[in-house]
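A short worksheet on the structure shown next.
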Amino acid sequence: MQYMHKYASPKFFYTLAGQLTPWMAALTALLLVAGLYLGLFVAPVDYQQGESYRIMFIHVPAAWMSMFIYVCMAGAGAIALVWNVKLFEMFAGNCAPVGASFTFLALVTGSLWGKPMWGAWWAWDARLTSELILFFLYIGYMALQASIDDPRRAARAAAILALVGVVNIPVIHFSVEWWNTLHQPASVSKIGTPSIHPSMIAPLLLMAFAFTFYFVAVVLLRMRNEILERERHTTWVADMLESTKP
Amino acid sequence: MPGFLKAIGCLLRRDLTVALRRSTDVLTPLVFFIIVVSLFPLGLGPEPAVLRTIAPGVIWVAALLATMLSLNRLFANDHADGTLEQMALSPHPLTVLVLTKVAAHWMLTGLPLVLISPLLAVQMNLPESAMGTLVLSLLLGTPVLSLLGAVGAALTLGLRGGGVLVSLLVLPLYTPVLIFGAGAVAGVIAGIDIEAHFSLLAAFLALALTLAPWAAAAALRVSLD
């Protein structure tokens, strides 16, 4: 617990995050370049979908991230609720916009992919539909957070919502899948083939890691901003500003 | 009788009495439900075959919206006059009191929706064989709507723009109930076995009954801070 108090103090974390961010950003850039190169130039052309399947290297990791971030957000929210740790409150709160962006990216790329595949910009495919509902959940979370002025109260209310959401996400996902098989022939929604060539796995994983490090870097940056904003009346922020003045 | 059972009885009676004295509050969501369903034939044309295929979805979506409209009544008045704070301070578990309030809310909004639904089903040309399924699916589904809605209402208590906000929070969570509720009715019309639909609706009810009061009570404590 004593380590947690040390690392969770906003002042300590501010410097730590400042030191970590460039590394995370560099890792993101490196992995992104490698993943995109392998995905767009090295991976073989799909015999069925041609070149258009390459959007998968953006779409699939973005969809993974959208769910991963929601779970992180709910987990951090639970920790913040139970132990009252400010840092986790800030982490959870700053996850939401990044998660929502990834969800939006997954929706847009899914729709772009759908045009050559289904011949329509939007099809009520099971996975796309649950991404859409996940997007609504993120929007609700951010709207609730924004409408409460006191940041601590906002964080606690939002954490409860995220926990309710995280219980519901599997239920929603399986409901939508069932609904989809009931209303559509299965052949239409067969977009991701079950067996995947190893040369496609590598870029997929690289992109997933790139997105993860991007998420970490952006959340660290956002948390630094929020720490400064929340702690603007404390002496350490004043001292730091004083020392950086020319 | 243990103290908290007595408290539950009192609270339930009180909520029902207060609501019935202001009966417009009870009638508004019901009238809204009827009007929304009646608008669809006007928008889509009175073709019986078309109405029959969309009827399950339309009635269920209208029920969702009507429940959502009634949610701010759940805690807002008690919050405004301080009753809610007294409830939170009372020795009885807030979770149980919340569950009682939700039960009263369901009796005043969910149950009337269930009772009026056969009338709307006739209006929408739903075959008589599907009538029982519609009522039963609403009977299983509307309590879930009230329970999940209580979480949303508790979270948005006393916030500006709470009414619109609650729809943003609650409607995405309603999707599974909508899928299986409307799916059961559509299934009967199509001649599919719908036992699974009812099992799942009942499972949602069991899950919501056990978890939602905790979340709503926790949210109330945050809102009352």
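Checked against (1) modelled with pLDDT of 90 or more; (2) buried (at least 18 other Cβ atoms within 10 Å of the Cβ); (3) not aromatic (Phe, Trp, Tyr), residue A:175 passes all but condition (1). All of (1) part of a loop (DSSP other than H, G, I, E, B); (2) of a type outside the set (S, T, N, Q); (3) crowded, with 21+ Cβ neighbours inside 10 Å hold for residue A:65 with one exception: (1).
Assess whether residue A:143 counts as being of a type in the set (A, V, I, L, M) and more than 14 Å from chain B (Cβ to nearest Cβ). Answer is no for this residue. Here is the figure for region B:148-173: residues that are part of a helix (DSSP H, G or I) and at the interface with chain A (Cβ under 10 Å from one of its Cβ atoms) total 16. Counting the residues of region A:149-172 that are part of a loop (DSSP other than H, G, I, E, B) and either more than 9 Å from chain B (Cβ to nearest Cβ) or in contact with a strand residue (DSSP E or B) (Cβ under 8 Å, 6 or more places away or on another chain) (or both) gives 1. Aliphatic (A, V, I, L, M), over 14 Å from residue A:215 (Cβ atoms) and in contact with a Ser or Thr (Cβ under 7 Å, 6 or more places away or on another chain) - does that describe any residue in region A:93-114? No, every residue in region A:93-114 fails to be aliphatic (A, V, I, L, M), over 14 Å from residue A:215 (Cβ atoms) and in contact with a Ser or Thr (Cβ under 7 Å, 6 or more places away or on another chain). Out of all the residues in region A:219-238, is one or more assigned to a helix (DSSP H, G or I), within 14 Å of chain B (Cβ to nearest Cβ) and modelled with pLDDT under 90? No, the conditions are met nowhere in region A:219-238. Looking across region A:41-67, the residues that are hydrophobic (A, V, I, L, M, F, W, C) and touching a residue at least 60 places away in the same chain (Cβ under 8 Å) come down to A:42, A:43, A:56, A:57, A:58, A:60, A:62, A:63, A:64, A:65, A:67. Scan region B:189-216 for residues that are at the interface with another protein chain (Cβ under 9 Å from one of its Cβ atoms), under 16 Å from residue B:151 (Cα atoms) and surrounded by fewer than 18 Cβ atoms within 10 Å (Cβ to Cβ) and the total you get is 2.
If the condition is being without any contact (Cβ under 8 Å) to a residue 12 or more places away in the chain, of a type in the set (A, V, I, L, M, F, W, C) and not in a loop (DSSP other than H, G, I, E, B), then region A:124-148 contributes A:136, A:143, A:146. Does residue B:147 qualify as being under 18 Å from residue B:12 (Cα atoms) and touching a helix residue (DSSP H, G or I) at 6+ places or on another chain (Cβ under 9 Å)? Yes; evaluated as a whole, the condition is true for this residue. Of all residues in region A:61-87, those satisfying the criterion of being over 17 Å from residue A:170 (Cβ atoms), modelled with pLDDT of 90 or more and more than 14 Å from chain B (Cβ to nearest Cβ) are A:61, A:62, A:65, A:76, A:79.
When each of B:186, B:219 is tested for being more than 19 Å from the chain's Cα centre (by Cα) and within 11 Å of chain A (Cβ to nearest Cβ), the lone residue that passes is B:186. One residue stands out among those in region B:82-123 that are polar (S, T, N, Q) and assigned to a helix (DSSP H, G or I): the one that is nearest to residue B:25 (Cα to Cα), which is B:109. Does residue B:141 satisfy the criteria of being over 18 Å from residue B:103 (Cβ atoms) and more than 8 Å from chain A (Cβ to nearest Cβ)? No, not satisfied. Could you identify the single residue in B:138, B:126 that is more than 23 Å from residue B:78 (Cα to Cα), in a helix (DSSP H, G or I) and not hydroxyl-bearing (Ser, Thr, Tyr)? After ruling out the rest, the residue left standing is B:138.
The C-beta contact set for region A:233-246 (first residue surrounded by 10 or more Cβ atoms within 10 Å (Cβ to Cβ), second residue among the hydrophobic types (A, V, I, L, M, F, W, C), distance under 8 angstrom, 6+ apart or interchain) comprises A:237/A:228.
The values are calculated or read from the model by the stated rules, or taken from the named source; none is laboratory data. Owing to the predicted nature of the structure, the values given are computational and were not obtained by experimental measurement. With ideal geometry, Cβ positions are generated from the backbone for all residues, glycine too; neighbour counts draw on all protein chains shown.
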